[in-house]
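Here is the structure we will look at.
Nothing in this text is a laboratory measurement; each read-out follows from the coordinates by a stated rule. Bear in mind the structure is a predicted one, so any value in this text is a computation, not a measurement. Here the Cβ is made from the backbone with ideal geometry for all residues, glycine too, and neighbour counts use every protein chain on show.
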Ligand code: SAM
């Protein structure tokens with residue numbers, strides 16, 4: 001099971017980027033996302049994608065991130081540009097355990113670095129939590145996540161030009 005924990009969400013500033021973190025988590029085969037600040041609108045936006053495009057992805061906002069980190073039964077991965085390069089640490093990640101993948105927004109507190117089992121950098125340049133999460137999950141699932149069938153009401157058929165969307169009969 002893979003859970004994403006988004007820390008530092010500010011509803012007035014981050015609604016778009018946190019929505020994208022959630023959509024990447026879902027599309028790249030994580031099971032759920034936990035977000036520290038309560039934001040029902042954000043929950044509904046992500047759940048409406050789940051409703052239309054399928055899968056069992058779950059969202060919870062307003063969680064106590066410290067409690068989650070301290071009670072996590074599995075390994076904690078913190079994505080940060082200050083961590084060890086993904087190429088150096090990836091093979092050391094314990095397999096077959098639940099993963100909590102932490103992404104921040106602004107400055108991330110020191111205690112997250114301490115409690116994480118792995119602080120992993122997707123390169124050592126500052127970029128984005130969306131990109132970092134996508135690249136980490138793609139490495140983790142070796143690209144297989146891009147072929148998941150989500151069994152949704154809507155299914156997109158890739159085409160050279162145009163848009164083909166198949167709607168499932170109710
Ligand atoms: N200075 C911040 C810090 O303390 O890491 C960076 C803030 S950045 C806008 C927001 C989040 O994107 C970070 O908390 C981290 O999760 C992710 N991120 C940005 N660049 C990254 C990188 N090169 N590798 C891994 N994660 C990164």
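So here's what we get for this one:
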{"quantity": "Alpha carbon centroid spacing (whole Å) that separates the range 98-117 from the range 1-42", "calculated": "14 Å"}
{"quantity": "The chain: most fluctuating residue of 48, 159, 105 per GNM, C-alpha cutoff 10 Å", "calculated": "159"}
{"quantity": "Among beta bridges that DSSP assigns inside the range 73-170, antiparallel share in %, nearest 5", "calculated": "30 percent"}
{"quantity": "0 to 90° range, to nearest 10: angle between helix 129-141 axis and the chain longest Cα axis", "calculated": "80 degrees"}
{"quantity": "Sequence ranges 151-158, 130-137, 80-87, ranked by mean other-Cβ count within 10 angstrom, highest first", "calculated": "130-137, 80-87, 151-158"}
{"quantity": "Residue with peak Gaussian network fluctuation, the chain [Cα springs, cutoff 10 Å], from 119, 32, 73", "calculated": "73"}
{"quantity": "0 to 90° range, to nearest 10: angle between helix 11-27 axis and the chain longest Cα axis", "calculated": "70 degrees"}
